[in-house]
Protein chains: 4
Amino acid sequence: MPRWFKSDNTAPAAPEVMAALAEANRGYARGYGDDAWTARAEQRFAQVFGREVRVFLVGTGTSANALALATLVPPYGSVFCHEQAHIVRDECGAPEFMTGGARLQLLPGAGAKLTPEALLRCIADNPTAVHTVQPRAVSISQATELGTVYTPDELRALSTTARSHGLLLHMDGARFANAVASLGCTPAEASAGVDVLSFGATKNGALAAEAVVFFDRDRAADFEFRRKRAGHLFSKMRYVAAQWLAYLDDGLWLRLAARANAHARRIGEAAGTLRLEQVEANEIFVRPGAAGIASLRSQGFEFYDWGAEGSGEARFVVSWDQADEDVDALCAALRALPANATA
Amino acid sequence: MPRWFKSDNTAPAAPEVMAALAEANRGYARGYGDDAWTARAEQRFAQVFGREVRVFLVGTGTSANALALATLVPPYGSVFCHEQAHIVRDECGAPEFMTGGARLQLLPGAGAKLTPEALLRCIADNPTAVHTVQPRAVSISQATELGTVYTPDELRALSTTARSHGLLLHMDGARFANAVASLGCTPAEASAGVDVLSFGATKNGALAAEAVVFFDRDRAADFEFRRKRAGHLFSKMRYVAAQWLAYLDDGLWLRLAARANAHARRIGEAAGTLRLEQVEANEIFVRPGAAGIASLRSQGFEFYDWGAEGSGEARFVVSWDQADEDVDALCAALRALPANATA
Amino acid sequence: MPRWFKSDNTAPAAPEVMAALAEANRGYARGYGDDAWTARAEQRFAQVFGREVRVFLVGTGTSANALALATLVPPYGSVFCHEQAHIVRDECGAPEFMTGGARLQLLPGAGAKLTPEALLRCIADNPTAVHTVQPRAVSISQATELGTVYTPDELRALSTTARSHGLLLHMDGARFANAVASLGCTPAEASAGVDVLSFGATKNGALAAEAVVFFDRDRAADFEFRRKRAGHLFSKMRYVAAQWLAYLDDGLWLRLAARANAHARRIGEAAGTLRLEQVEANEIFVRPGAAGIASLRSQGFEFYDWGAEGSGEARFVVSWDQADEDVDALCAALRALPANATA
Amino acid sequence: MPRWFKSDNTAPAAPEVMAALAEANRGYARGYGDDAWTARAEQRFAQVFGREVRVFLVGTGTSANALALATLVPPYGSVFCHEQAHIVRDECGAPEFMTGGARLQLLPGAGAKLTPEALLRCIADNPTAVHTVQPRAVSISQATELGTVYTPDELRALSTTARSHGLLLHMDGARFANAVASLGCTPAEASAGVDVLSFGATKNGALAAEAVVFFDRDRAADFEFRRKRAGHLFSKMRYVAAQWLAYLDDGLWLRLAARANAHARRIGEAAGTLRLEQVEANEIFVRPGAAGIASLRSQGFEFYDWGAEGSGEARFVVSWDQADEDVDALCAALRALPANATA
C-alpha cells in the first residue's frame, strides 16, 4: 500500500465538498452561471477578501492562470515570472496560447520567489522598442512552486515596483490556502497589491474548482468571452459553485490547509540537513541522493524526483487528508537516512 | 413553480452518476488521467463502439468540439458545417480559437442537416487556390440543433462525399445518446463514417463529462498536448471518468435518452400544426406566435424564443428526468392554443 | 502576344514610381521608418485627406487589411462584410490569423455592396450573448470586388448604422484610387465615416506599397507592434515611402486611375447585354458563355473565369497603362460576340 | 555629415539590384510568383546550394524566420535558441505569433553561438511530459548577432545533436553572405545540416528581399499557405525575384559581403583591447566606456550602444558600400581612444 506524497492532486475531495455537490443536485437551475449557487459563491468571495471583486469560476488551474494572463497582456506583450513557475514548466504553453502568443520572460530567484531587484535587473536588461515584446505583467505564485510564501511586505514591494513600470500583477494561487494559513494573515493581505488572483480549491479538497478573482473590476471586461471561447464556461456551473461554497464555508479551506502545512513542517524538520528549501506551505524539497531516494521508494513512499537528471533531489507534497501515520512514517524514514544529520 | 424546458443542461445529474462520484472519492490516485477509472472508461468506449478507439475526456462540449477540430484542421484550413451548428452559434468562436484561426464555412439545409448535394455545391462555389482557406473537414451534429437525426445511410453518403474531396468528418454528439436511442441502431451505426466524435454526457445526466473519441487512432497524435495547453486536462481526472463509467454502464445513457425522446415525441404530436421540425430527439420547435408564447409563459413554462426577433417561434427541450406531469401540462397547453389544429 | 486583362497586379510600375525609387537610393538613412521619406509620406497623407491621420506603410493589401482589422476587433469579435469581399475569398484567412481568430460574418448584397438594411438584418438574426462572437466592425471595399463604388451618401448611411450598433468601419481601398477618380469627389468624401482605410498603390502603378490610414489616431495605439510582429515593418522603409511620394505627387494616382476607369467604361459599353455589373471603376464583369469565353481566349485575351464552374462568366481588369489598342481590340471582340445585343 | 555604422540596413541598394528592378519593370507578368523572374530565381538557388531546394521569397527577415519556424514547430512546441538571437530580441514576438504560440527556450553561449553541450544541458534540464512544451527545433544565426560565424564542423556537430533528439534545425541567415564570405567555403558547407534557411539579401545590397530555403522539400508543404495568410505573398513578385537574380548573379552577394567583412576586420584590429568579440563577419563589438562612446559620437560616428544600460559597450556594423574613408576614420578614432592598447 503506497504512501502518497506525489502531489496534492492525488488526494480525494473533502466530505464537505461532496455533500455540497449532492445538495446542489436538486431540481432545475439556469445554466452557465446564472444560478443561485454561483451568485452566492460570488458574494462569498467578496466577504473573503473584504471588498468587491469580480469572480469567474473555472475547472483547472491552468485555465485560471492562462485566461487571467490573456486578460492582462496583449499578444505582443510579455510576462515576467520565475523560471520555476507553473505557468512556465507545467502548462504546455497555455499562457502563450490564451494570450495569442505573448512571451514569458524568466527570472531567477531563491525559493522560486521574485524580488524587486531581480525584476528591475530584467527590465534594465531588456530595453523596449517596437522590435521587442512589450512587458505588461508580472506573475508570481503564492505559495511558490518551492513551497515558500511571500509575506505581505514582500508583495507590496513587488507590486510597487511592478506598478511603477506599468506592469500588472497576477498571482497563481493554486495553493493560496496554504499560503494564507502559513502567513496567519487575511486573504487580502496574502494577495496585497495583486490585480488578478488565480485561486485554487482543487488541490486542497475540491474535485475541480478554481476561481479567477479580479480585484480591479474594470480589468475583467472581456474575461467572460475568453472563458467561453476557450471552452471553460460550464453549462452546469452550479456544481463548480457548490464546491466553492463548501470550501469557503466556515473556514474549511484554511483548516484543511493548516493541517497539511503542519504535517509538512514536521516532515521538513525530520529532513534535517537534507532539506533544500524553507517549508512554509505543504511541500518539502530534499536531497537524499540516489541511494536515499531508492530507500524511500522501497518503503512505499510515492513522490517525484526533482531537479535535473541525477540530482538526487526529491519533492514531497502533503495533502489535506494525509494520514497521520503516513507522515509519521515519512518523518522516521527521513531521519533514518544515513546522510541526514538532524539538528 | 416553473416547468423547465429551456435546455437539458438545466437538469440535475442522474443518481447513478452521483453515486459513481462518491465511489470514486476514495483514497489516492495518480493525476491527469493515469488512474484506474480513466483506464476503465477508455475500455468502455471501445466496447460501446465495437472497435479500438482513442478517447480523451474533457469537461465541456465546446472544448470537445473545438479541440477535435483543431486536431483535424490547420490554421489555414476550413470546416464545412451547417449555419445553425452549435460550433457556429454557441461557442463564441472556440473553433477559430483552438484551430489557430481556421474558418467555418456555412451551409444551409433543412432540419439543420447537411446533405451531399449542399456540400458539393459549396465546394464548387469555393474553388481553392493559395489565396483561399483550405477545406479540410466537415462537421455535423447528431442529433442536430433542430432535433433531427442523421440515419446511418445519410451519414455514409455524407462521409463518402467528404472523403472523396479529402475532407475529414467530425460529429458534434452533445446529444449523441438521443440520436442513438432515436435510431434504435448501434452507436457505431449512428456515427458511421465519422473520424472524430465529440460524445456528450453532460446534457443527459452527468455533471460535466464529455469525451473526444478518435476512430482513427493515428489522428489523435497531438490531441493530448492541445488539451493540456487549453487547460482541459483535469488533475483529478477520476471524477470525470467516474461519470462516464456510470453513464455507459448497463445502458443508462440510452435509457435516459429514450425517456426524454419519448416525452418529446408526445409534445411534438400535441403541437400539431404549430410544429416546425420533425421531432426525432428531445427537442421540439414550434411557432405559437407572440400570443401563444405569452400564454405558455404565463402558465409557468420556461423555454427559449427561437429564430429572428418577432418570429413567434419557440424551442422546448426535454431533459432526462423531466417530470411526467410537466410533459402532460405542456401537451395540454399546446393543444389548447387557438392556432393549433392538431391532426 | 497576349493582351492582359487578368488583374491590375500584372501591370508594371509607373515610371514616376521607378524614378522615385532611384532617387531614394542615395546615401544612408535610419531604418524602420525613421527616415525623411517616410516622414514626408506621412505628411502627404494628411494633405490628401485634409486632416491629421496616422499612417503605417506596408507591402501588401492582405497585410494592410488584416492588420487593420486586428487593431479594431478582439479575438472573440466578428466583422460584418460582403460574401464576395477580398478579405473573405482571397486572403487565405489572414483576418482570422491577424485578429487571433475573429470571425467574418458574411452578408449578401447587389454589386458586392453592403447596405444598412442588410447590416441591420444580419444584426437582428445574430443576437449576441456570451455564447456568440461579438460584432465589433464592418468592412467594405471601395471600389468593390465587382467594380462598383459606394457614394459618399451610401457611406454615411452605412457608417451611421454601424456606429449606432457600436461597430467600427474598415474600408479595403486596394482600388481606392479608382473609386475616388470615379466619384469625382475628394478622398475624404470617398471614405466618409470610415475609421481605418487600407489604401492601396500596388495595383495602380506601384511595385509594392500599401498604407493603413487611421482617421481616429487613438485607434492606432497598438498597430506598430502588430505590424512588426507580423513581419511587415520594412527595415529599408524609405523604398516603400518613396513609392507613395511619387504616387500621391501631383495627382499621379488619380490620373492613372481615371485612365483605367475610362477604358473600363468603354469596354463595359461594348459588352452591351453581356455586362453583369455597373462599371464604376476598372473592372468589367460579363457573361459571354462558354463559347464566347473560348473565342476571347483564342484571340489572345488573358482574363479570369468568374463565378461558379460553368457559369460562363468572366472578369476583365484594366490596368493603369493598358495599351489603347488592347482596349480597342477587346471592345471589338466583345461587340462581335453573337450573344451580344449592344444597345 | 554622419558616418553610418548603425546597421547594414541603413545602406542603400546596390546598383546591380536597382538595374534589375528596372529591367523587371517591362510589360505584364502573372502575379503571386507565377512569373519568369521567380522561376529563374528558384533555379538559381538550386545552383547556389548544389542541390534541389524549395524556395519562397518574402520581403523581411522577420517574416522569413517566423514563417520558417511555423512550418517546423507546432503551437505546443518549442525552439531552442541563443538568448541573444534576433528571433528573441528583435522580432516583437513574431515566432510566437506565426507558430500559434510556440516557445523560444533560451540558451547561453559565447559569441552568441550554441554548442552541442549547451543544447544537451538544456534538454536535460527540461524533461518533457504532456505538461511541458514539446521541443521540436533549434534555431541558430549565421553569422551570429555578435558577428561570429559557425564553422561547417560546428554546424555538423550541432545538427547531429539536434537530430538525435528529434529536433529540426533552422538557420537565420540575415547575414548569410557575410558568413559564407568569411568561411571561404561553399554556401552548402556554411549551412551544413540545416533543414530550413532564412537567407537574407536586404542588409547586403537589396531593397527588401529575403528567401526561405527548404533543403528538405517535403517540409515545405504548408509554407505557401502560411506565407499568403500572413500577408507575405507579393502580388508583383517579380520585383522581389529580380533583386535576388541580381544579388546571386556573378557572385555579387559574396563580393559585397567580402568587402564589408574586410573593412570590419580592419576595424576590429584597430579596436585592439577594446574589442569584445571575434570579428568574423561585418560587425564589431567594443567597450570604449562612456567617455570613449561620447568621443566617437562627437566625431560623427553613428552606432548603437550595446549591452545593459551603462555598460560602455557599442556595436559597429559595416555595410556593403561603406566608404573607405569612413572606415579609415573609425580605425583612427578607435586607435586614438586612451583606453585602447593596440597590440
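The values are calculated or read from the model by the stated rules, or taken from the named source; none is laboratory data. Note that the structure is predicted; figures quoted are calculated from it, not measured. Cβ: placed from backbone, ideal geometry, glycine included. Neighbour counts: every protein chain shown.
Which condition number does A:Gly205 fail, the rest of (1) among the small types (Gly, Ala, Ser); (2) modelled with pLDDT under 95; (3) within 30 Å of B:Met237 (Cα to Cα) being met?
A:Gly205 satisfies all of (1) among the small types (Gly, Ala, Ser); (2) modelled with pLDDT under 95; (3) within 30 Å of B:Met237 (Cα to Cα) except (2).
Say we look at segment A:110-137 and pick out the residues that are within 14 Å of chain D (Cβ to nearest Cβ) and assigned to a loop (DSSP other than H, G, I, E, B); which of these is nearest to C:Gly100 (Cα to Cα)?
A:Val133
Pick out the one residue from B:Gly111, B:Gly173 that is surrounded by 17 or more Cβ atoms within 10 Å (Cβ to Cβ) and in contact with a strand residue (DSSP E or B) (Cβ under 8 Å, 6 or more places away or on another chain). Even if it seems obvious, please write down each step before you answer.
Values: B:Gly111 fails: in contact with a strand residue (DSSP E or B) (Cβ under 8 Å, 6 or more places away or on another chain).
That would be B:Gly173, the only listed residue that is surrounded by 17 or more Cβ atoms within 10 Å (Cβ to Cβ) and in contact with a strand residue (DSSP E or B) (Cβ under 8 Å, 6 or more places away or on another chain).
Which pairs turn up if I take residues in segment D:65-92 that are closer than 18 Å to D:Ile123 by Cα and look for partners that are of a type in the set (Gly, Ala, Ser) and surrounded by fewer than 23 Cβ atoms within 10 Å (Cβ to Cβ) with beta carbon separation below 7 Å, at least 6 apart in sequence or on another chain?
Final answer for the pair search is D:His82/D:Gly109; D:His82/D:Ala112.
Taking only segment C:215-250 into account, find how many residues are under 19 Å from C:Leu21 (Cα atoms), of a type in the set (D, E, K, R) and more than 10 Å from chain D (Cβ to nearest Cβ).
Qualifying residue count, segment C:215-250: 2.
For segment C:222-318, which strands (runs of 3 or more DSSP E) that fit wholly inside it have 1 or more residues that are more than 30 Å from D:Lys203 (Cβ to Cβ), among the aliphatic types (A, V, I, L, M) and touching a residue at least 40 places away in the same chain (Cβ under 8 Å)?
C:283-286, C:313-317
For segment C:238-255, enumerate the residues that are crowded, with 24+ Cβ neighbours inside 10 Å and either among the hydrophobic types (A, V, I, L, M, F, W, C) or in contact with a strand residue (DSSP E or B) (Cβ under 6 Å, 6 or more places away or on another chain) (or both).
Passing the criteria: C:Val240, C:Ala241, C:Ala242, C:Trp244, C:Ala246, C:Trp253.
So that you can scan it fast, the table gives a plain yes or no per residue for (1) of a type in the set (Val, Ile, Thr); (2) on the phi > 0 side of the Ramachandran plot:
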site	(1), (2)
A:Gly205	no, yes
A:Glu210	no, no
A:Val213	yes, no
A:Phe223	no, no
A:Arg227	no, no
A:His232	no, no
A:Tyr239	no, no
A:Trp244	no, no
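Could you list, in sequence order, all residues of segment A:319-343 that are β-branched (Val, Ile, Thr) and not in a helix (DSSP H, G or I)?
Selection gives A:Thr342 alone.
Would you confirm, using the coordinates I've provided, whether B:Ala157 is surrounded by fewer than 19 Cβ atoms within 10 Å (Cβ to Cβ), modelled with pLDDT of 95 or more, in contact with a helix residue (DSSP H, G or I) (Cβ under 6 Å, 6 or more places away or on another chain) and under 30 Å from B:Tyr239 (Cβ atoms)? Spell out the reasoning first.
Working: surrounded by fewer than 19 Cβ atoms within 10 Å (Cβ to Cβ): yes; modelled with pLDDT of 95 or more: yes; in contact with a helix residue (DSSP H, G or I) (Cβ under 6 Å, 6 or more places away or on another chain): yes; under 30 Å from B:Tyr239 (Cβ atoms): no.
No.
Could we say that B:Arg219 is farther than 30 Å from B:Lys6 by Cα, at pLDDT below 95 and not aromatic (Phe, Trp, Tyr) here?
yes
How many residues are closer than 18 Å to C:Ala209 by Cβ and basic (Lys, Arg) if we restrict to segment D:228-266?
Qualifying residue count for the region: 2.
Of (1) acidic (Asp, Glu); (2) under 20 Å from the mean Cα position of the chain (by Cα); (3) surrounded by fewer than 22 Cβ atoms within 10 Å (Cβ to Cβ), B:Asp8 satisfies all except one. Which?
Failing condition for B:Asp8: (3).
Does segment A:143-184 hold any residues that are part of a loop (DSSP other than H, G, I, E, B) and touching an Asp or Glu at 6+ places or on another chain (Cβ under 7 Å), and which are they?
A:Ala143, A:Leu146, A:Gly147, A:Thr148, A:Val149
Quick check: anything in segment D:252-259 at pLDDT 95 or above and within 11 Å of another protein chain (Cβ to nearest Cβ)? Steps first, answer last, please.
Step one: list which residues in segment D:252-259 are at pLDDT 95 or above, which gives D:252-259.
Still in the running and within 11 Å of another protein chain (Cβ to nearest Cβ): none.
No, segment D:252-259 contains no residue that is at pLDDT 95 or above and within 11 Å of another protein chain (Cβ to nearest Cβ).
So, in segment C:87-96, exactly how many residues are crowded, with 24+ Cβ neighbours inside 10 Å and either out of contact with any Gly (no Cβ under 7 Å at 6 or more places or on another chain) or under 21 Å from C:Phe214 (Cβ atoms) (or both)?
Of the residues in that region, 5 qualify.
Hey, can you tell me all the residues within segment B:290-318 that are among the aliphatic types (A, V, I, L, M), surrounded by 16 or more Cβ atoms within 10 Å (Cβ to Cβ) and more than 24 Å from the chain's Cα centre (by Cα)?
Hits for segment B:290-318 are B:Ile293, B:Leu296.
Tell me, yes or no, whether segment D:104-111 has at least one residue that is among the aliphatic types (A, V, I, L, M) and under 23 Å from D:Asn204 (Cα atoms).
no
So how many residues does segment C:190-225 have that are among the basic types (Lys, Arg) and surrounded by 24 or more Cβ atoms within 10 Å (Cβ to Cβ)?
Qualifying residue count for the region: 1.
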